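Take a look at the structure below.
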């Protein structure tokens, strides 16, 4: 895989999970760090930079939209690029933007810095999406990536609040810049190329439309629900400190789901794991805004995290096998980010005066549309 480009006449051999795990896991960690620590950054912008809540929220939207746009644009051409060089270059650019964001310059410059940071993260999202289909077992690779990144994210949740308390955004963005730069050399381990690019067939375009619709609908529903989870807990008498502990504990629960998916791999196929776990996830998501008991809320929230982390690797495996060039994976990642940018806004309009039960109806409707689009792809994968 060291030569570039690969000729159309050269047969492509999928790579072992062991070969891809380290660079892929840390590309994911760096690429999605903006989403992982967004609640902490938003609070720090309000407390330490004087941003209003709407201005701080705009920072997240700008960054996520930039990520989505680049990931979508790069999806069709990822195998025409030297992806290891692009990954390292984007990582260095992201580290520079993190460092500049640590410095308290004019607010307008900060928006520009976060936009460029989003563009850089979008490149890494595209690289990751193009790399996962190279694995012989994309389900296991995805599950192990989730394991590594969830563990690292827990450490970020512990460290960043301390740094923000002591040093403000200088501490938070300074650490993120250092972490990003230190990890950059690992991305030379990313395979330089994948299968030789081929023209998009009409069938592939149809699959792309289904994948994009599935990803956008599900992401809008999931982020709409997630954005008001903290408010749901507060409304039924759970204090903020306990909610933070629930969020941290849910990561551990999610690790159980990802670990189970990693152990199962392709032994059971993807059809039944996706059907069962996705059904449980939808049931939990629809139930959570309806409960009035703190115990029920915690149990349902943990079930939701467990089922989602279990099902995600299998759904990734289905999409990865549809197109080993990674174009559909890139489209999935980009459109998922696009949905993530609009989900919280839509939820805010629907919830209005605290009617969280309305989010149940929103999630159920969007999940139904999403899985209706995904169903033919799942059935085709089962028939292989």
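The values are calculated or read from the model by the stated rules, or taken from the named source; none is laboratory data. Note that the structure is predicted; figures quoted are calculated from it, not measured. So basically every Cβ, Gly included, is an ideal-geometry build from the backbone, and we count neighbours across all protein chains shown.
What's the number of the condition residue 120 fails, among (1) surrounded by fewer than 24 Cβ atoms within 10 Å (Cβ to Cβ); (2) touching a helix residue (DSSP H, G or I) at 6+ places or on another chain (Cβ under 7 Å)?
Every listed condition holds for residue 120 apart from (1).
Residue 319 - would you say it is surrounded by fewer than 20 Cβ atoms within 10 Å (Cβ to Cβ) and either in contact (Cβ under 8 Å) with a residue 40 or more places away in the chain or under 15 Å from residue 222 (Cβ atoms) (or both)?
Taking the combined requirement at face value, the residue does not satisfy it.
Restricting attention to region 210-241, and to residues there that are in a helix (DSSP H, G or I) and free of Cβ contacts under 8 Å to residues at least 12 places away in the same chain, which single residue is nearest to residue 347 (Cα to Cα)?
Among them, the one singled out is 234.
For region 260-283, name all the residues that are surrounded by fewer than 18 Cβ atoms within 10 Å (Cβ to Cβ) and modelled with pLDDT of 85 or more.
Answer for region 260-283, where residues must be surrounded by fewer than 18 Cβ atoms within 10 Å (Cβ to Cβ) and modelled with pLDDT of 85 or more: 260, 271, 272, 275, 276, 279, 280, 283.
Could you check region 339-384 and list, in sequence order, the residues that are outside any helix (DSSP H, G or I) and surrounded by 13 or more Cβ atoms within 10 Å (Cβ to Cβ)?
Residue satisfying the conditions is 356 alone.
Report, by residue number, each residue of region 284-298 that is without any contact (Cβ under 8 Å) to a residue 24 or more places away in the chain and either exposed (fewer than 15 other Cβ atoms within 10 Å of the Cβ) or more than 16 Å from residue 225 (Cα to Cα) (or both).
295, 296
Do we have residue 180 as surrounded by 15 or more Cβ atoms within 10 Å (Cβ to Cβ), assigned to a helix (DSSP H, G or I), on the phi < 0 side of the Ramachandran plot and not assigned by TED's automatic domain parsing to the domain that holds residue 345 here?
Yes; evaluated as a whole, the condition is true for this residue.
Could you list, in sequence order, the residues of region 66-88 that are at pLDDT 90 or above, surrounded by fewer than 19 Cβ atoms within 10 Å (Cβ to Cβ) and closer than 24 Å to residue 209 by Cα?
Passing the criteria: 69, 73.
When the residues of region 268-284 are filtered to those that are touching a helix residue (DSSP H, G or I) at 6+ places or on another chain (Cβ under 7 Å) and not in a helix (DSSP H, G or I), which remaining residue is nearest to residue 367 (Cα to Cα)?
Let us first name the residues in region 268-284 that are touching a helix residue (DSSP H, G or I) at 6+ places or on another chain (Cβ under 7 Å), namely 269-271, 273-274, 277-278, 280-282, 284.
Restricting the remaining residues to those that are not in a helix (DSSP H, G or I) gives 269-270.
Values: 269: 22, 270: 18 Å.
For region 268-284, the residue satisfying everything is 270.
Answer yes or no: is there a residue in region 289-300 that is closer than 17 Å to residue 365 by Cβ, in contact with a helix residue (DSSP H, G or I) (Cβ under 8 Å, 6 or more places away or on another chain) and assigned by TED's automatic domain parsing to the domain that holds residue 215.
In the first step, residues of region 289-300 are kept if they are closer than 17 Å to residue 365 by Cβ; the result is 289-290.
This time we only want the ones that are in contact with a helix residue (DSSP H, G or I) (Cβ under 8 Å, 6 or more places away or on another chain), so: 289-290.
Narrowing further to those that are assigned by TED's automatic domain parsing to the domain that holds residue 215: 289-290.
Yes.
Restrict the check to region 185-195 and report whether at least one residue is part of a helix (DSSP H, G or I) and either closer than 25 Å to residue 336 by Cα or without any contact (Cβ under 8 Å) to a residue 40 or more places away in the chain (or both).
Yes, region 185-195 contains a residue that is part of a helix (DSSP H, G or I) and either closer than 25 Å to residue 336 by Cα or without any contact (Cβ under 8 Å) to a residue 40 or more places away in the chain (or both).
Please pick out the residue among 355, 343, 339, 348 that is free of Cβ contacts under 8 Å to residues at least 24 places away in the same chain and over 22 Å from residue 201 (Cα atoms).
355
Give just the number: which of (1) closer than 14 Å to residue 257 by Cα; (2) within 16 Å of the chain's Cα centre (by Cα) does residue 128 not satisfy?
Just one mismatch for residue 128, condition (1).
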